[in-house]
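The values are calculated or read from the model by the stated rules, or taken from the named source; none is laboratory data. Note that the structure is a prediction, hence the values are computed from the model and not measured. Cβ coordinates were reconstructed from backbone atoms using ideal geometry, including for glycine residues, and neighbour counts include every protein chain displayed.
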Amino acid sequence: MRPALEAAQDVAWRRLGMVGTWWTGSERLAIARETRAAADCAFCAARAGALSPLTVPGRHDIAEPGLPPAAVEAIHRIRTDPGRLSETWFQQLGNGGLG
């Protein structure tokens, strides 16, 4: 990797780790790591192959155990199955504590 690109990635990662409007710096980094890990989640893969994601029982493969369950659900679904998100799903996230 070119040194300038590597330096730019380091700067971006440090900025991501700063406090944001809605999350602390460590939470923002955890969200980024969970987003990367969602691509390899077996539960998400099973849901993606199902007629409806709500018919598949199971749990996400969690990379960052400190995140709230509703946040993990949002991260994984947005990352792996964004075309089938619904208003009901969104409302359930709010009921699950994700503001």
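Do any residues in the range 54-74 that are farther than 17 Å from Leu93 by Cα have Cβ atoms under 6 Å from those of residues that are of a type outside the set (Ser, Thr, Tyr) and part of a loop (DSSP other than H, G, I, E, B), where the two are at least six apart or on different chains, and which pairs are they? As it stands, the answer is Val56/Ala50; Asp61/Cys41, since those pairs meet every condition given.
One residue stands out among those in the range 74-83 that are over 14 Å from Ala30 (Cα atoms) and surrounded by 15 or more Cβ atoms within 10 Å (Cβ to Cβ): the one that is farthest from the chain's Cα centre (by Cα), which is Asp81.
Based on what the data block shows, is Ile62 modelled with pLDDT of 90 or more and not in a helix (DSSP H, G or I)? Even if it seems obvious, please write down each step before you answer.
Numbers: modelled with pLDDT of 90 or more: yes; not in a helix (DSSP H, G or I): yes.
Here the answer is yes, as Ile62 does meet what is asked.
A quick yes/no check of all residues on (1) under 16 Å from the mean Cα position of the chain (by Cα); (2) in contact (Cβ under 8 Å) with a residue 40 or more places away in the chain; (3) assigned to a helix (DSSP H, G or I):
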position: Glu6; (1), (2), (3): no, no, yes
position: Gln9; (1), (2), (3): no, no, yes
position: Ala37; (1), (2), (3): yes, no, yes
position: Leu51; (1), (2), (3): no, no, no
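The residues of the range 5-32 that are loosely packed, with under 13 Cβ neighbours inside 10 Å and either modelled with pLDDT of 95 or more or of a type in the set (A, V, I, L, M) (or both), listed by number, are Leu5, Ala7, Ala8, Val11, Ala12, Met18, Val19. For the structure I just gave you, tell me whether Arg47 is at pLDDT 90 or above, surrounded by 11 or more Cβ atoms within 10 Å (Cβ to Cβ), closer than 13 Å to Gly66 by Cβ and not small (Gly, Ala, Ser). Spelling it out, it is not the case that Arg47 is at pLDDT 90 or above, surrounded by 11 or more Cβ atoms within 10 Å (Cβ to Cβ), closer than 13 Å to Gly66 by Cβ and not small (Gly, Ala, Ser).
On the basis of being within 15 Å of the chain's Cα centre (by Cα), closer than 25 Å to Ser26 by Cα and loosely packed, with under 11 Cβ neighbours inside 10 Å, does Pro65 make the cut? Yes: the conditions hold for Pro65.
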